[in-house]
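**Student:** The structure that follows is given in the form of structure tokens.
The values are calculated or read from the model by the stated rules, or taken from the named source; none is laboratory data. Note that the coordinates shown come from a computational prediction; the quantities given were computed from them, not determined experimentally. Heads up, the Cβs are rebuilt from the backbone with ideal geometry, glycines too, and the neighbour counts pull from every protein chain shown.
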Amino acid sequence: MLNKIKQFLKSFFTDWGPRQNFKLGLYGPPNSGKTTLANKICIDWLGEEMGKVSPIPHETREVNVKEKVTIKAKDGRELIFNLIDTPGIATKIDYEDFMKSGMPATKAKKRAREATKGVIESIKWLDEVDTVLVVLDGTQDPYSQVNVTIIGNLQARNIPVLICANKADLKKCKVKKVQSAFPQYEVMGISAKYGKNIEKLYEKLFELARK
């Protein structure tokens, strides 16, 4: 009888406890703040940044992985995951848009090719991630083709999702508008740059890891 109880308890905590070493993907359009959020998470828990950020779109053009990020809850629980920072997903990438920021044509064309390859890589990684934080620029219209495409792909795969309406430090950020656009998911207003609601986000990760 004692062995049966032990087996039950082991099974219970295995089935219902947070998964360890799961893959947490950061998805969203270019310049929504994915890498800024990745850097915030890594600085808080690893003491180092994950990637470079830039006001020019498609700074991140390859999937970056930071393994064994461990966050701790106030009650002592630990959650270990691999953080996946993906290139921004776009439906159109034109090298001339990069030239408008002062980039030479040769460099702009190279960046456009790399960005296109990065989008394809991001989509492929949807089959690898266990949980996704969709990072949207809360100051922009959430009803864009890119956002709808991202959410639709995640919903089709039945992947647990939390939508982060980023840039909540700005008055133009409309969290409720993002909520109206995607009522099937929970939306949390955050500021990856200044850390607003980041502690609440960490707490939410423990819930997402159970799904």
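**Student:** Say we look at segment 196-211 and pick out the residues that are assigned to a loop (DSSP other than H, G, I, E, B) and modelled with pLDDT under 95; which of these is farthest from Ser144 (Cα to Cα)? Reasoning before the result, please.
**Tutor:** To start, the set of residues in segment 196-211 that are assigned to a loop (DSSP other than H, G, I, E, B) comprises 197, 209-211.
Going one step further and asking which of them are modelled with pLDDT under 95, we end up with 209-211.
Details: Ala209: 28, Arg210: 30, Lys211: 28 Å.
The qualifying residue farthest from Ser144 (Cα to Cα) is Arg210.
Results for (1) surrounded by fewer than 17 Cβ atoms within 10 Å (Cβ to Cβ); (2) touching a residue at least 12 places away in the same chain (Cβ under 8 Å), shown as yes or no for each residue.
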position	(1), (2)
Asp94	yes, yes
Met99	yes, no
Ala112	no, yes
Ile123	yes, yes
Asp130	no, yes
Gln145	yes, yes
Val148	yes, no
Ala156	yes, no
Val161	no, yes
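**Student:** Being touching a helix residue (DSSP H, G or I) at 6+ places or on another chain (Cβ under 8 Å), outside any helix (DSSP H, G or I), touching a residue at least 24 places away in the same chain (Cβ under 8 Å) and β-branched (Val, Ile, Thr) is true for just one of Val69, Val53. Which residue is that? Step through it out loud before you land on a result.
**Tutor:** On the way: Val53 fails: touching a residue at least 24 places away in the same chain (Cβ under 8 Å).
Matching residue, one of Val69, Val53: Val69.
**Student:** Okay, moving on. Can you give me the number of residues within segment 41-50 that are in a loop (DSSP other than H, G, I, E, B) and either closer than 19 Å to Leu205 by Cα or hydrophobic (A, V, I, L, M, F, W, C) (or both)?
**Tutor:** Pass one, segment 41-50, residues in a loop (DSSP other than H, G, I, E, B): 47-50.
Pick out the ones that are also either closer than 19 Å to Leu205 by Cα or hydrophobic (A, V, I, L, M, F, W, C) (or both) and you get 50.
Looking only at that region, the number is 1.
**Student:** Can you tell me which residue in segment 72-86 is nearest to the chain's Cα centre (by Cα), limited to those that are in a loop (DSSP other than H, G, I, E, B) and in contact (Cβ under 8 Å) with a residue 40 or more places away in the chain? Give the derivation first.
**Tutor:** So in segment 72-86, the residues in a loop (DSSP other than H, G, I, E, B) come out as 73-77, 86.
Next, only the ones that are in contact (Cβ under 8 Å) with a residue 40 or more places away in the chain stay: 73, 77, 86.
Details: Ala73: 20, Arg77: 22, Thr86: 8 Å.
Only one residue fits best here, namely Thr86.
**Student:** How many of the residues making up segment 150-165 are among the β-branched types (Val, Ile, Thr) and either touching a Cys at 6+ places or on another chain (Cβ under 8 Å) or within 10 Å of Tyr185 (Cα to Cα) (or both)? Lay out the reasoning, then the answer.
**Tutor:** Going residue by residue through segment 150-165, those that are among the β-branched types (Val, Ile, Thr) are 150-151, 159, 161, 163.
The next check asks that each one be either touching a Cys at 6+ places or on another chain (Cβ under 8 Å) or within 10 Å of Tyr185 (Cα to Cα) (or both); those that pass are 151, 161, 163.
Residues meeting the conditions: 3.
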